[in-house]
Amino acid sequence: MWPLQDRESMNAFYGDPDTNRDGIPDRKWESENLVRFKTPYPMVLAWNDKPLQRITIHKKCYESLERILTRIGQEFTEEEIRRFQLNRFGGTYNFRMTRGGTRLSIHSWGAAIDLAPTLNPLGRTHDAASFMMPEKAVKIFESEGWIWGGKWKRPDGMHFQAARIA
């Protein structure tokens, strides 16, 4: 369903966000491919606790992510959402390189979301007893074919992406 996470496959599936390779996202690509939608349950920006109004995501990911977040809102109580910080939004579309890397992040195509970044920081091994990303949330994402970064060699427990790893 989702493409491999290499640039060629991502561009073939999602379109090229930087056709002229100037390191700046193409405005035409953004207007043709990105959509904004209201979250199905209340969320806040992780960095300042302001209410999140809308999420920006690639149009090919929109329906899938909306189903995922709707299920999270239905299958977790409000208290569980707060405890696991599933209401703390760390980002979706963000044209940038991977942290410490030289290739575009999957966020650059609007095909990734970060949730609960404080409890699930990059590099921290998953520990369910520490209220890190709950398995039930991971399974909801995986049911839509999304990949969870918490299983990677360098864990990224906040990160989910609509792109496969070879």
**Request:** Take the Cα coordinates of the chain, assign each an equal point scatterer, and use the Debye formula without solvent to give log10 I(q)/I(0) at q = 0.14, 0.15, 0.16 Å⁻¹.
**Result:** -0.69, -0.80, -0.91
**Asked** With contacts defined as alpha carbon pairs under 8 Å and 6 or more residues apart, what's the relative contact order of segment 7-161 in percent?
**Response** 19 percent
**Asked** How far, in nm, would the chain grow between residue 82 and residue 9 when pulled straight, counting 0.36 nm per residue and subtracting the alpha carbon separation?
**Response** 22.7 nm
**Fill in**
Any residue on another chain or 5+ positions along whose placed amide H is under 5 Å from the amide H of residue 44 is listed here as 52, 88, 89
**Request:** Within the set of other residues whose C-beta is less than 10 Å from the C-beta of residue 76, count the net charge using Lys and Arg as +1 and Asp and Glu as -1.
**Result:** 0
**Asked** If we count every other residue with Cβ under 11 angstrom of residue 119's Cβ, Lys/Arg +1 and Asp/Glu -1, where does the sum land?
**Response** +2
**Request:** Given a cut-off of 27 Å, name the pairs among 50/153; 38/153; 28/60; 59/153; 38/151; 60/136 whose C-alpha atoms lie farther apart than that in the structure shown.
**Result:** 50/153; 38/153; 59/153; 38/151
**Message:** With +1 assigned to the C-beta of every Lys and Arg and -1 to the C-beta of every Asp and Glu, and no other charges, what is the dipole magnitude of segment 7-161 about the Cα centre in debye, to the nearest 20?
**Reply:** 220 debye
**Message:** Taking the Cα centre as origin and putting +1 on Lys and Arg beta-carbons and -1 on Asp and Glu beta-carbons, what dipole magnitude results for segment 89-152, to the nearest 20 debye?
**Reply:** 220 debye
**Item:** Where a label projected 7 Å from the Cα of residue 28 along Cα→Cβ would reach, residues of segment 102-142 with amide N under 16 Å
**Value:** none
**Message:** What's the ranking of 103-116, 16-29, 77-90 by average number of surrounding C-beta atoms within 10 Å, highest first?
**Reply:** 103-116, 77-90, 16-29
**Request:** Can you check what the net charge comes to around residue 99, using other residues whose Cβ is under 15 Å from the Cβ of residue 99 (Lys, Arg +1; Asp, Glu -1)?
**Result:** +3
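Since every read-out is calculated from the coordinates, none of them should be taken as a lab result. A quick note: this is a predicted structure, and the numbers were derived from the prediction, not measured. Quick reminder, even Gly has a Cβ in these numbers, built from the backbone with ideal geometry, and neighbours come from all protein chains shown.
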